[in-house]
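One structure below.
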């Protein structure tokens, strides 16, 4: 019998799939949330559905948000901006304004609604693109928001924000997922894939993924998918 309920932010990418697998390993009942917000890589939503089915989640909600909320990001299809295919020390153009604040806020509302005890999010502060809302400092601050701004928090039983990957390298994340039986052929990481889902191979996300599988010493099963089939 499941120990309780958790909300999982499931993007369809490698990190969120691994975070979901960690939640599953704790014998929690998974309630997944996926967001459509005008992202170029909206094919990831199809992969999120595949992951949800693979992990036998209790529920999977796909939520549509207006792309006008995030249009300053080059990750948004209608932004008219080019994705720069390299990492710099500054916050990249693919930064989506306050994305994790928005997503976590909605996950928090959902968690209170269904009486979930935890929220799992696959943020990572080691091998990542420099987004400020992926850092431990942000998660710590948001946990304070949970404690101060929710009924459960005020009553002394706040919902816990779980970030099991935050201090792991991409290679370590992949090894963890493999140990939990995660099938990474069901994930998509590319920021700018072709219409059939074929990854560009040069964006930050593709490069970080490639580096991770190389470090883990494991072939990327996504490379053997039959794209367009």
query = Within region 132-158, how many residues turn out to be in contact with a helix residue (DSSP H, G or I) (Cβ under 8 Å, 6 or more places away or on another chain) and part of a loop (DSSP other than H, G, I, E, B)?
reply = 2
query = Out of (1) more than 21 Å from residue 49 (Cβ to Cβ); (2) surrounded by fewer than 16 Cβ atoms within 10 Å (Cβ to Cβ); (3) touching a helix residue (DSSP H, G or I) at 6+ places or on another chain (Cβ under 9 Å), what's the single condition that is false for residue 185?
reply = (1)
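Scan 161, 173 and give me the residue that is at pLDDT 95 or above, within 27 Å of residue 129 (Cβ to Cβ), in contact with a helix residue (DSSP H, G or I) (Cβ under 6 Å, 6 or more places away or on another chain) and in a helix (DSSP H, G or I).
Result: 173 is the single residue among 161, 173 that is at pLDDT 95 or above, within 27 Å of residue 129 (Cβ to Cβ), in contact with a helix residue (DSSP H, G or I) (Cβ under 6 Å, 6 or more places away or on another chain) and in a helix (DSSP H, G or I).
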ask   = Quick one: is residue 106 part of a helix (DSSP H, G or I) and either free of Cβ contacts under 8 Å to residues at least 24 places away in the same chain or touching a helix residue (DSSP H, G or I) at 6+ places or on another chain (Cβ under 7 Å) (or both)?
value = no
Among residues of region 30-53, those that are surrounded by fewer than 22 Cβ atoms within 10 Å (Cβ to Cβ) and closer than 20 Å to residue 179 by Cα, counted = 2
task = Might you let me know whether region 193-212 holds any residue that is at pLDDT 95 or above, touching a helix residue (DSSP H, G or I) at 6+ places or on another chain (Cβ under 8 Å), in a loop (DSSP other than H, G, I, E, B) and surrounded by fewer than 18 Cβ atoms within 10 Å (Cβ to Cβ)?
result = no
inquiry  = Which condition from (1) closer than 21 Å to residue 48 by Cα; (2) surrounded by fewer than 16 Cβ atoms within 10 Å (Cβ to Cβ); (3) modelled with pLDDT under 95; (4) touching a helix residue (DSSP H, G or I) at 6+ places or on another chain (Cβ under 7 Å) is the one that residue 190 breaks?
reply    = (2)
request  = Among the residues of region 53-72, write down those that are free of Cβ contacts under 8 Å to residues at least 60 places away in the same chain, touching a helix residue (DSSP H, G or I) at 6+ places or on another chain (Cβ under 8 Å) and in a helix (DSSP H, G or I).
outcome  = 67, 69, 70
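The values are calculated or read from the model by the stated rules, or taken from the named source; none is laboratory data. Just so it is clear, the structure is predicted and the values come from calculations on it, not from any experiment. Virtual Cβ from ideal backbone geometry, glycine too; neighbours counted across all protein chains shown.
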